[in-house]
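Where a number appears in this text, it was derived from the coordinates with a stated rule and is not lab data. No experiment lies behind these values; they were computed from the predicted model shown. In this analysis, Cβ positions are derived from the backbone assuming ideal geometry, glycine residues included, and neighbour counts consider all displayed protein chains.
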Amino acid sequence: MSMFAPLGRIFRTTRALGLGLLLIGPNAWGASGLVTVQSRSVTAHITGYARVEPIAEAALHAAETGQVDGLNVDPGQNIAAGAILGKLKGPEVKALLAQRHTALDSAKASLTATRHTVAITQKNRAARLSTRQDVYNARSALSQAKAQLSAARAALQTAQANAVLRAPTTGTVTAIVVANGERVTAGQTVLTLQPSHRLWLKATYYGAAADAIHVGMAGAFMAADGSAPIDVQVARILPVVGPDGGRPMGLRARTSDVNWTSGEAGTVVLKGAQQTAVTVPTRALILDRSQWWVLVHTAKGDRRQRVTPGASRGHDTLITQGLSAGAQVVVDNAYLKFHRDFSQHFQPPD
């Protein structure tokens, strides 16, 4: 007797037991549960990952040529708009301020002399020693003297303000370009900062999802730290710059009372257009050989139907292709019933 004969008997016995289990299985499971496929109107949701980023950085420029003094800030430090960060000193600043003071003193003296001239001219006019035109000319000169004084005061105030380094906006210092004692020229950058009020979400989408997005589309941002969702909307669709073909989107909060934190990451869910689709219970789906299937119940029995599932909604899954409303799909033990003929394809060795 061949040494494989006992093995053959074992496999045949196992096969018979397997068939017997399959025959009694449905009775043990009970009646097949069926669900009628329903058509419903759903809102498409487009999900992507986003990060809070600055729209643009702000820079503090030296308004005059001078020497930086008293600059005492560090990268990462939060500063308020208008805060004094340092001063400009040196011979250039000193000479400019002296010039502005001299011009102001000269304007004051000119105004005093002009007022005296007007008073004399008006007195002479009363005594018929001057003409009406003389009075008009004196008053015109007085108006010019007042304007020159106002300009001289404004020029001095501007020079004094330009000698002070103030934060251009509220934000976080990102880089210090110059150090104390260093000479800078007018217009040179002293430091850069990231404005607190000029932040937005930057998200990247791909393929058909990116094509469906438009400016003004609303959604919600869920931060990774679990904080409350923030209502957002698409503000800009930016040009594709990455090698992966993803399309970046800029999103802003829909209310003005949102305080973004730069670098904060999370998920953005955009609400697309409503569409009509069919849904099935998720447990009715069967994955076989990298394809999704359902068992459709017909008068002639259950048949396999290949489907394309979409997004899940609770315990249900949208079906984008392969199934129509009104069809009945098997829910109870769908996976086992789908594979119940497995033993028929099993051939034991001889």
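Key figures for this structure:
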| read-out | value |
| --- | --- |
| Loop-exposed chymotrypsin sites (Phe, Trp or Tyr not before Pro) per DSSP, neighbour cap 14 Cβ within 10 angstrom, longest uninterrupted part of the chain | 5-205 |
| Rel. contact order, % - alpha carbon contacts under 8 angstrom, at least six apart, the range 58-194 | 51 percent |
| Separation of the residue 135 and residue 313 label points, Cα + 7 Å toward Cβ, nm | 8.9 nm |
| Relative contact order (%) - criterion: Cα under 8 Å, at least six apart; region: the chain | 26 percent |
| Listed residue (269, 192, 280) projecting farthest to the positive dipole end of the chain, Cβ model | 192 |
| Label-point gap, in nm, between residue 105 and residue 164 - each point 7 angstrom along Cα→Cβ | 2.4 nm |
| Net length gained if the chain between residue 113 and residue 265 were fully extended (0.36 nm per residue, minus Cα distance) | 47.9 nm |
| Cβ-derived FRET efficiency at R0 30 Å, residue 57 paired with residue 80, nearest 0.05 | 0.95 |
| Summed side-chain charge close to residue 183 - residues other than residue 183 whose Cβ falls under 15 Å, Lys, Arg +1, Asp, Glu -1 | -1 |
| Helix runs (DSSP H) in the chain reaching 20 Å along axis by Cα, Kyte-Doolittle at least 0.5 | 5-29 |
| Computed E for residue 299/residue 38 - FRET, C-beta separation, R0 30 angstrom, nearest 0.05 | 0.90 |
| C-alpha center-to-center spacing [the range 187-256, the range 30-106] in angstrom | 16 Å |
| Positive minus negative residues near residue 234 (Lys, Arg vs Asp, Glu; Cβ under 14 Å) | +4 |
| Overall Cα dimensions of the chain - principal axes, largest extent first, Å | 149, 50, 32 |
| Estimated inter-spin distance, residue 153 and residue 97, nm [label 7 Å along Cα→Cβ] | 2.0 nm |
| Kirkwood Rh in Å, taken over all unlike Cα pairs in the range 58-194 | 17.7 Å |
